[in-house]
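The structure appears right after this line, and notes come after that.
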């Protein structure tokens with residue numbers, strides 16, 4: 001994955017159509033263990049949607065890139081309502097709650113990093129190839 005954008009639009013476009021797999025989550029300063037075998041995925045579309053798989057359920061919502069390096073999820077995510085093993089439900093709840101706090105993003109070597117305004121919530125994603 002190559003990130004070479006200089007404008008808000010170019011930089012945000014570098015994420016479009018790329019599926020990102022969660023590899024690390026720190027929520028409110030605490031590391032959240034991603035259960036072995038769990039898959040949490042985030043993807044963006046050009047029409048302002050964010051969607052993916054949160055461990056047990058599929059989710060969908062809106063996304064905005066208001067300025068260079070900024071990202072916002074302005075509304076709650078709609079999700080399917082399946083139930084699963086408690087470790088997967090725990091990561092799913094933590095992920096969706098923490099995602100609403102994200103305000104910044106930057107490309108990383110193999111994906112992207114997203115953080116809350118105060119840096120206490122951090123997501124590390126790897127691009128799925």
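So residue 99 ticks every box in (1) touching a strand residue (DSSP E or B) at 6+ places or on another chain (Cβ under 7 Å); (2) surrounded by 14 or more Cβ atoms within 10 Å (Cβ to Cβ); (3) modelled with pLDDT under 95 but one. Which box is left unticked?
Every listed condition holds for residue 99 apart from (1).
Which members of segment 26-50 meet the condition of being crowded, with 17+ Cβ neighbours inside 10 Å and more than 12 Å from residue 126 (Cα to Cα)?
Within segment 26-50, 26, 27, 32, 34, 38, 44, 50 meet the criteria.
Residues in segment 11-29: is at least one over 25 Å from residue 58 (Cα atoms), at pLDDT below 95 and assigned to a helix (DSSP H, G or I)?
Checking segment 11-29: at least one residue is over 25 Å from residue 58 (Cα atoms), at pLDDT below 95 and assigned to a helix (DSSP H, G or I).
So, residue 89, is that one assigned to a helix (DSSP H, G or I), modelled with pLDDT of 95 or more and surrounded by fewer than 19 Cβ atoms within 10 Å (Cβ to Cβ) or not?
Taking the combined requirement at face value, the residue satisfies it.
Considering every residue within segment 106-118, establish whether at least one is touching a strand residue (DSSP E or B) at 6+ places or on another chain (Cβ under 6 Å), touching a residue at least 40 places away in the same chain (Cβ under 8 Å) and in a helix (DSSP H, G or I).
No, that holds for no residue.
Could you tell me how many of the residues in segment 77-98 are touching a residue at least 40 places away in the same chain (Cβ under 8 Å) and within 15 Å of residue 50 (Cα to Cα)?
Number satisfying all stated conditions: 4.
Which of the residues belonging to segment 77-92 are under 23 Å from residue 119 (Cβ atoms) and in contact with a helix residue (DSSP H, G or I) (Cβ under 9 Å, 6 or more places away or on another chain)?
The one that is under 23 Å from residue 119 (Cβ atoms) and in contact with a helix residue (DSSP H, G or I) (Cβ under 9 Å, 6 or more places away or on another chain): 77.
Are any of the residues in segment 43-65 more than 15 Å from the chain's Cα centre (by Cα), under 21 Å from residue 117 (Cα atoms) and either outside any strand (DSSP E or B) or at pLDDT 95 or above (or both)? Outline the logic, then answer.
Start the filter on segment 43-65 by keeping residues that are more than 15 Å from the chain's Cα centre (by Cα), which leaves 46-47, 56.
With under 21 Å from residue 117 (Cα atoms) added as a condition, the list becomes none.
Checked segment 43-65: no residue is more than 15 Å from the chain's Cα centre (by Cα), under 21 Å from residue 117 (Cα atoms) and either outside any strand (DSSP E or B) or at pLDDT 95 or above (or both).
The values are calculated or read from the model by the stated rules, or taken from the named source; none is laboratory data. Keep in mind that what you see is a predicted model, and the values were worked out from it rather than measured. We place every Cβ from the backbone using ideal geometry, glycine too, and count neighbours over all the protein chains shown.
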